[in-house]
Structure formats: C-alpha cells, structure tokens
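First comes the structure, then the notes that go with it.
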Amino acid sequence: MHKILVCPVAYNENIKLKSAIERFLRSPVRGDADYLIVDDASDDGTTAVIQGFASQGVQTIQHHHRKGVGAAIRTAIQHARGQGYEVLVIMAGNDKDNPDEIPRLVDPLLKEGYDFVQGSRYLGHNASVGDMPLYRKLATRLHPILMSFITGHKVTDSTNGFRAFRLSLFDNEEIRIDQAWLDHYELEPYLLYKAIVLGYKFKEAQVTKVYPPQRLGYTKMRPILGWWSILKPLVYLGLKLKR
C-alpha cells in the first residue's frame, strides 16, 4: 500500500468519470498512489463504469443512498485513516482536475512538512480556469475574499475541491467532521477554515480547472442552495455559531 490515497467523489458522472479514471491510470502518479472512488449512490450507470476498472486497481465505496459530497469526503477520510494512509488527495469526479498535477499538492506535504495544500486555479500570473461560466467565476472570486477576511490568511481559491492534506489532522478534536450540517458542500470550506485557524502549515498550489463541454453539464450545484452551502461554514464559524 502507498502512503497516498487519491479519491474522486462522484454522483451520476458516468462519461466524465470514465475519462477521469482513464487519465489517472495513464498518469505517472499512478505508481505512487492508490485510487478510491466514493460513489454517492449514482443511478446513471456510474457504478458500472467504476466496476469496469476494478481489475486495474480502482477501488470503490458505494453509498446505498445519496448523502452529499461532504458525506462522501467524510467516507473517504474515515476509510483512509482506517487503512493507515498518510495523505489523502480529494479531486473532482467530473474530470475537471488534472491528475498529473497531484505532485503539486502532495510534495509540499511529504517533502516540506506542510499539513494542508489547497489547489488554486487563480494562483500565479498564468491562471487557468478553462471555459468557466460567468456566475461561477463571480462566486469563486467572492468566496476566497470572505475566507481571507475571516481567517486572516490570504486565500485565492477556497472553493476548489482539488486539495491534499495529512490525515493526522483528524487526530485534533477541534476538527469535527462528523457533524450532520457538513454533509453537502459545507465540509470542504470547513476543512480549509479549520486548517488555517488552528495553525496548521498551509499553502496553495497552482492547478488547472478545465470545465467539460456544456452538453455534459457544468456542475450539480444548485444556484441558491448550493451557494449558501459553501458560504454557511464562513457564517457559522465566523460568528462562533458552530464548531
């Protein structure tokens, strides 16, 4: 077993997930990491797609009913800790992330002593965002401004799901991922906030985010409920309403 577990989370991704898996299997990273997909009760053929790669070392955990992306990440964390992995890499199951860039997230953890590395599509002079819809550009620019203000630490891309962290973080009882209010999009900004305010060694790493053709669907995030879901942790934690 490797030290690193790479985990895309997926709900009804089918074609996009197949491409994401194939890209990982072709990547040089494959030799240094294990690969687990958390399937959040897909019903569009995604499950069969994952099973078709079992002989190539692709592992999976399937939820019996849809729980949310936060709950799927929680499942990945619990599995990785139970299996003794040192580092968990979370990436999109919809093929927006480039597996060849995983070392940009992992190397600072294993070689420089960082605890949490957040992927950023806005870091550096040659930011790459792909064909991102305008409303997503606005939302992904506003959220890091608020995150930076509340945590007191400059963050350029707090909504990017492509990130890596040491699993020893969860030995800290101040990081309470088991809370039910974190089941959806809340868990991702919650983890970033906690890593920063609790004083863990944190940095961002430049990554790309390429949006798929519109006919395949940009995102499953619903405009009002989804945006509130990613803002909620900043409100609750900033006002000390939640832990």
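Just to be sure, is Asp32 in contact with a strand residue (DSSP E or B) (Cβ under 7 Å, 6 or more places away or on another chain) and either on the phi < 0 side of the Ramachandran plot or free of Cβ contacts under 8 Å to residues at least 12 places away in the same chain (or both)? For Asp32, the condition - in contact with a strand residue (DSSP E or B) (Cβ under 7 Å, 6 or more places away or on another chain) and either on the phi < 0 side of the Ramachandran plot or free of Cβ contacts under 8 Å to residues at least 12 places away in the same chain (or both) - is met. Among the residues of this structure, Asp100 does not count as one that is surrounded by 20 or more Cβ atoms within 10 Å (Cβ to Cβ), in contact (Cβ under 8 Å) with a residue 60 or more places away in the chain and of a type in the set (Asp, Glu). Note on region 25-45: residues that are hydrophobic (A, V, I, L, M, F, W, C) and more than 19 Å from Val69 (Cβ to Cβ) amount to 3.
Within region 207-226, is even one residue of a type in the set (Phe, Trp, Tyr) and modelled with pLDDT of 95 or more? Checked region 207-226: no residue is of a type in the set (Phe, Trp, Tyr) and modelled with pLDDT of 95 or more. Would region 76-87 turn up any residue that is more than 18 Å from Ser27 (Cβ to Cβ), buried (at least 18 other Cβ atoms within 10 Å of the Cβ) and free of Cβ contacts under 8 Å to residues at least 40 places away in the same chain? Checked region 76-87: no residue is more than 18 Å from Ser27 (Cβ to Cβ), buried (at least 18 other Cβ atoms within 10 Å of the Cβ) and free of Cβ contacts under 8 Å to residues at least 40 places away in the same chain. Just the residues that are surrounded by fewer than 17 Cβ atoms within 10 Å (Cβ to Cβ) and in contact with an Asp or Glu (Cβ under 8 Å, 6 or more places away or on another chain), please, taken from region 169-200. Leu198 - this is the single residue of region 169-200 that is surrounded by fewer than 17 Cβ atoms within 10 Å (Cβ to Cβ) and in contact with an Asp or Glu (Cβ under 8 Å, 6 or more places away or on another chain).
Take the conditions of a type outside the set (Asp, Glu) and touching a Leu at 6+ places or on another chain (Cβ under 7 Å) and apply them to Gly52. Does it pass? No. Could you say whether any residue in region 167-176 is over 20 Å from Leu105 (Cα atoms), among the hydrophobic types (A, V, I, L, M, F, W, C), assigned to a loop (DSSP other than H, G, I, E, B) and touching a Lys or Arg at 6+ places or on another chain (Cβ under 7 Å)? Yes.
Within region 1-60, being surrounded by fewer than 17 Cβ atoms within 10 Å (Cβ to Cβ) and touching a His at 6+ places or on another chain (Cβ under 8 Å) holds for Asp32, Ala41. Residue pairs whose Cβ atoms lie under 6 Å apart, sitting 6 or more positions apart in sequence or on different chains, and linking a residue in region 131-155 that is of a type in the set (Lys, Arg) to a partner that is at pLDDT 95 or above, are Lys154/Ser148. Within region 1-30, if we keep just the residues that are part of a strand (DSSP E or B) and either among the hydrophobic types (A, V, I, L, M, F, W, C) or at pLDDT below 95 (or both), the residue that is nearest to Glu86 (Cα to Cα) turns out to be Ile4.
The values are calculated or read from the model by the stated rules, or taken from the named source; none is laboratory data. The structure presented is a predicted model; accordingly, all values stated were derived computationally and were not measured. Neighbour counts run over all protein chains shown; Cβ positions are idealised from the backbone, glycine included.
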